[in-house]
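Structure, as structure tokens:
The numbers here are math on the coordinates, done by the rules we state, and not lab data. Just so it is clear, the structure is predicted and the values come from calculations on it, not from any experiment. Here the Cβ positions follow ideal geometry from the backbone for every residue, glycine too, while neighbour counts run over all protein chains shown.
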Amino acid sequence: MPQPPTHSASLDMSQPEPLDLSSGKYVKLWQGPQHPGITGNMSLELTLCGDEIVECKTHVGYLHRGFEKFMERRTYIQNFTVVCRIAVPEPTFNEYLYSQAIEELAGIEVPEHAVWLRALNLEMMRLASFLMWTGGISGAFGLYTVPNWTLTYRDYLLDLFEELTGARIYHMYIVPGGVRNPLPDGWKEKTLEILKGTEKLLREVDRVMLNNTVFKTRTRGLGLITPDMVDPYGIVGPNARATGLARDLRKDEPYLIYDQLDFDVVTGSVSDAYERTVLRQQEMYQCIDLIRQMLERMPTSGPFQAADMPNVLHWKIPPGETYVKAECTRGEYGYYVVTDGSEYVRRVHVRGPSYTHAIAVMERLAVGTNIADIAGLMVSLHTYPPEIER
Amino acid sequence: MTEQNASKTMLERLTREFQVSDIKQRKPGLTTISVAKDMAETLIRELRDREGYTHLNFMTAIDYIERGYFTIVYMLHNYDTRSTLSVHVNIDRVNASMTSIHTLWAQAWTYQRELRELWGIDFPGSPRIEEDFCLEGWDEIPPMRREFDTVEYCERTFESRDGRETVDPREHMHEVIFPQRGGDN
């Protein structure tokens, strides 16, 4: 068993000494904000000595739309059109967490049918996001066939979302008190069919990407995260699990119906870019299994919205605060919500895993890396800039 | 000792040693506490090193403009007991400044940089605290402060462009699409 991480005194958390840029030994290079290897509009200010990175600084701000400020001036229900836009590949987590937070603060009980439908949505979102990510990591290392496959299957999942919710990306399906509608007729059968195809696709990806010598050679040892980095850097999700730590909110602090499902936390042993890829691949198989379990066991009838909902156009929520979290594809995603008894939220803070993965962790891991591998390193950490800037 | 008793004992000790106040259990696994500004860094270090709150979920601020202070929130998590502690520290809005915790967590300086830019709270000694975070060349009041009016700023800063002509669908059908049929029949 791996030892739990500690705040080791030997871990150097200090900032590097400034470089003498007038020495003529260094070249400054900007990676991004628009580049195929960038996982969104974010930019890395790289200082190179030859082709080796000696300093990296993350710059964000290209997607800053002031969501948190915006939400303080909108009513609770108006914010539903806002929250899903915070993380494009996984909007559902924002819908769920915001709903969950205000339901907790307002004392609303969600019917069981809706709880299962929410969990089903979240797990499908995880699968769709992982498929998109697989396209990113393979593309970053020059395997351009895999993105075509995985994005096609992500699109099949988006078709299912469209049929269920009416929208492909911003579903606004999980609403306060429950969900908007139950499963349409025939949806379950279509989903099972697509899952069968996705599973077959993943086996192909195993062969083409994970067994590919070039991919293995380039990703092994790249961006190594050691267990003693996990807590000081706030590393969560697959990046932490790849070090061997069995930390998964779905298991550790089960929400919705995850305590009724049969699954084990997937872990690795050495958190480098290769191991993180393998781990996410295994988590995709796990997603498929969990969706099948849910479809098999979930109630097919019953209320899907709370009966005692207030008039949401004049909704005042008693003063309070809460922090809710869920395991998205990148780890702990959380909403901290403070209410003051008025019709407006007092404060919302969105905690996205990319905040630390793309800044503190990225800046440390990039040093000593070859310029050719920087895009792959960035994708291997699975970062989404919008959730940094909110 | 059960986890509930252990938590109670810990909170009693923190009250005694750090004058922690306003202890509230918000829900199972989430407790909020308040501590004075000058005790905060020592308390947080204690929680990390002795009580197992090794994970900093995030740091943020709430602007209580009507009361004249900011509340800085440190959300800490203990993976062993699966409990989360929200540590609140109130600081004056005028010349807002707080002790840096960048030596405790490697990602803390990023949060502090954000708090400085968006709320105007200084963290002396925090690395790269002067660098821009989200905003570039910002010379207005920090935008997350309650008195910053986004609409007023936009109207003052950006030119208004004429939008598309608004057409009432019913009238459009009546006058343009089906003039001979008398509208939307």
Inset, instruction - State which entries of A:316/B:24; A:190/A:251; A:190/A:216; A:57/B:24 exceed 31 angstrom in Cα-Cα distance in the structure shown. - result: A:190/A:216; A:57/B:24
Legend entry - Cα-centred dipole magnitude for chain B, charges only on beta-carbon of K, R (+1) and D, E (-1), debye, nearest 20: 1140 debye
Legend entry - Under 16 Å from residue A:188, Cα to Cα: lysines that are on another chain or at least 8 residues apart: A:196
Inset, instruction - In a Gaussian network model over chain B where Cα atoms closer than 10 Å are linked, find which of B:169, B:143, B:28 has the largest mean-square fluctuation. - result: B:169
Legend entry - chain B - convex hull of the alpha-carbon atoms, volume per residue in Å³: 212 Å³
Legend entry - C-alpha center-to-center spacing [the range A:283-358, the range B:101-122] in angstrom: 27 Å
Legend entry - Cα-based Rg / Dmax (Å) for the protein assembly as shown: 24.5, 85
Inset, instruction - Mind pulling the angle between the C-alpha long axis of helix B:3-18 and the longest principal axis of chain B? Nearest 10 degrees, somewhere in 0 to 90. - result: 80 degrees
Legend entry - Helical segments meeting 18 Å axial Cα length and Kyte-Doolittle 0.5 threshold in chain A (DSSP H): A:112-140
Inset, instruction - Would you kindly compute the Cα radius of gyration of the range A:153-193 and its largest Cα-Cα separation (Dmax), both in Å? - result: 10.5, 31
Legend entry - Top of A:205, A:214, A:230 by mean-square fluctuation, Gaussian network on chain A, Cα under 10 Å: A:214
Legend entry - Listed residue (B:119, A:174, B:172) projecting farthest to the positive dipole end of the protein assembly as shown, Cβ model: A:174
Legend entry - Most mobile listed residue (A:67, A:161, A:263) in chain A, GNM with C-alpha springs under 10 Å: A:263
